[in-house]
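Structure, as structure tokens:
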Amino acid sequence: MEAIFETPELVDLILQTFCVTPSEHSSHRFWEGPSRHISREDLISDKARRGTLYRLALTNRAISQMALPVLWSTIDGILPLLKLVPKFEYNTSLRQWVLTRPLSEDDLQRFEILAAMVRHINLPARRGDLLLVYPAIHPSALMEVCQLRAARPLIPHLRTLSVDDACDYATLFLAETLECVRIVRAHNDETFGQSDDPPRPWVWNLLALLQTRAPFVEELYVGFPPSSANLADILRLKHLRKLTLNISKSSWPDEKARYRFLKDLECLPKLQVLNIGRLLEDRWAPRSATGYTFPALESLTFQAFDGYLSRILPRFCDTPNLRSLVSHQSRALWGHDDAAEEEHNLKTAFSLLATTHFRSLTSLCIFGAAAKELLNCRYFEPLLQISGMERFEFRNNCFGLTDELVQKMASAWPKLEIFCLESLHEDHPPTLAAIQTFARHCPKLRRALA
């Protein structure tokens, strides 16, 4: 065992299993659909990982120094770093962390060593949807540290910055190394939900400074109403590969502004993953509307009313590389309960997908489709033309799954890895033959739910 810890390559491989990075399963995850699959890693919390590695580092001197970069790679808030500064203490009368004396260059030695190890930071400290105690830091303390570092970034190798609009000092962490920026609405302590207050000016300023101080950002999550100038700021991020817009429709001045902004996103040449949220969720929008051209787009996620899928898809016909489509249909159109019309909308959407994306599409997830009657397998027959399907999820509270449908899908989708069809109806449940069909035709299948 000691020989293993004396080999740096093996030690590094072991330590990587303890790495904690911002997760897509946190509160930043937006309308990507529920996940029913739990991997072995998901059963181990970030706190448990850190605790185990910390104890391991204390008991084995050979890996103690190598464990430090892993332990400090992700931190919740700036307070862990500031506590390394001498005479940085909590003032009970002010209820704030303050500096009790002026700082010198020597006081920042430990701060600088460990700050260089940080790659991801959450401001304020947050785990999932739970907002941890937000430590009040006196502004003068942060400013003095920044003044001593002069033009050097506060965290020089930062890659991910997660912040809510209640944090007024997030701009101090902007650096050219940033790859991912996530800005969400602050949580209301009284309602335990998102705050209804208007965005603070400093969060608008944060978005405005990205182009000059973090020009290489590839991933951006916008969870607050941006200003009109901010929309132009987003369009200047030419390296952007992933964009998520969790913005209420009421935050836009008018419908034309929403459509115009989505059209303007075509100027981002590297955009591959786009989550538009409710941007196109219009009850009475015409079927013939503005089309969008995204040559590099590989993944599209949106929320819409039931039956609206067939209205949105024609607008994205000019996306030749689309590999993944996620549609979360939350509720039916007001005053619409025609089962035949809703089924027709689904069939139209499926036919359009098969016609325009049969070569590229590998993942299709539709959540909340509200057909009133038991769907027959013929509604899915157009999708059988998509031979490269790797993931298919159709979550519907009134769907009948038969051996015949499984036979057709398994034969048409030999690359299938994830298959999910949910149903509350058991009129024609699949039999053991369905499992045998998957085993014969889909050797890569690793998750199936029906």
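The values are calculated or read from the model by the stated rules, or taken from the named source; none is laboratory data. Model, not experiment: these values are computed from the prediction. So basically every Cβ, Gly included, is an ideal-geometry build from the backbone, and we count neighbours across all protein chains shown. Accessible surface areas use protein heavy atoms only, side chains included; no ligands, DNA or RNA. Shrake-Rupley method; radii C 1.70, N 1.55, O 1.52, S 1.80 Å.
Details
- Search result, residues across region 43-78 that are among the aliphatic types (A, V, I, L, M), out of contact with any Asp or Glu (no Cβ under 9 Å at 6 or more places or on another chain), more than 15 Å from Arg119 (Cβ to Cβ) and surrounded by fewer than 17 Cβ atoms within 10 Å (Cβ to Cβ): Leu43, Ile44, Ala48, Leu56, Leu58
- Test: residue in region 195-206 that is surrounded by fewer than 19 Cβ atoms within 10 Å (Cβ to Cβ), modelled with pLDDT under 80 and aromatic (Phe, Trp, Tyr): no
- Taking helices (runs of 4 or more DSSP H) as the structural unit, those lying wholly within region 4-83 and holding at least 3 residues that are at pLDDT 80 or above correspond to 46-59, 61-71, 79-82.
- Subset of region 181-194 that is outside any loop (DSSP other than H, G, I, E, B) and surrounded by 19 or more Cβ atoms within 10 Å (Cβ to Cβ) - its residue that is modelled with the lowest pLDDT: His187
- Taken together, the residues in region 386-426 that are assigned to a strand (DSSP E or B), at pLDDT 75 or above and in contact with a Ser or Thr (Cβ under 6 Å, 6 or more places away or on another chain) amount to 1.
A quick yes/no check of all residues on (1) under 21 Å from the mean Cα position of the chain (by Cα); (2) of a type outside the set (Asp, Glu); (3) at pLDDT below 90; (4) farther than 21 Å from Phe367 by Cβ:
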| site | (1), (2), (3), (4) |
| --- | --- |
| Asp254 | no, no, yes, yes |
| Leu265 | yes, yes, no, yes |
| Pro269 | yes, yes, no, yes |
| Val273 | yes, yes, no, no |
| Leu279 | yes, yes, yes, no |
| Ala285 | no, yes, yes, no |
| Thr293 | no, yes, no, yes |
| Glu298 | yes, no, no, no |
| Thr301 | yes, yes, no, no |
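- Residue count, region 105-133 (criterion: part of a loop (DSSP other than H, G, I, E, B), modelled with pLDDT under 90 and either among the small types (Gly, Ala, Ser) or surrounded by fewer than 18 Cβ atoms within 10 Å (Cβ to Cβ) (or both)): 5
- Every residue from region 307-330 that is open to solvent by 40 Å² or more (accessible area, probe 1.4 Å) and of a type in the set (Gly, Ala, Ser): Ser330
- Just one of the listed residues (Leu271, Leu262, Leu231) is under 21 Å from Tyr292 (Cα atoms), surrounded by 20 or more Cβ atoms within 10 Å (Cβ to Cβ) and touching a Phe, Trp or Tyr at 6+ places or on another chain (Cβ under 7 Å), and it is Leu271.
Table: residues versus (1) of a type in the set (A, V, I, L, M, F, W, C); (2) free of Cβ contacts under 8 Å to residues at least 12 places away in the same chain.
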{"position": "Ile63", "(1), (2)": "yes, no"}
{"position": "Val70", "(1), (2)": "yes, no"}
{"position": "Ile75", "(1), (2)": "yes, no"}
{"position": "Leu84", "(1), (2)": "yes, no"}
{"position": "Tyr90", "(1), (2)": "no, yes"}
{"position": "Arg101", "(1), (2)": "no, no"}
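- Cross-chain or 6+ apart pairs with Cβ under 6 Å, region 346-363 first and within 14 Å of Pro320 (Cβ to Cβ), then of a type in the set (S, T, N, Q) and open to solvent by 20 Å² or more (accessible area, probe 1.4 Å): Phe358/Gln385; Ser360/Asn321
- Residues in region 138-160 that are closer than 26 Å to Val70 by Cα and among the hydrophobic types (A, V, I, L, M, F, W, C): Leu142, Val145, Cys146, Leu154, Ile155, Leu158.
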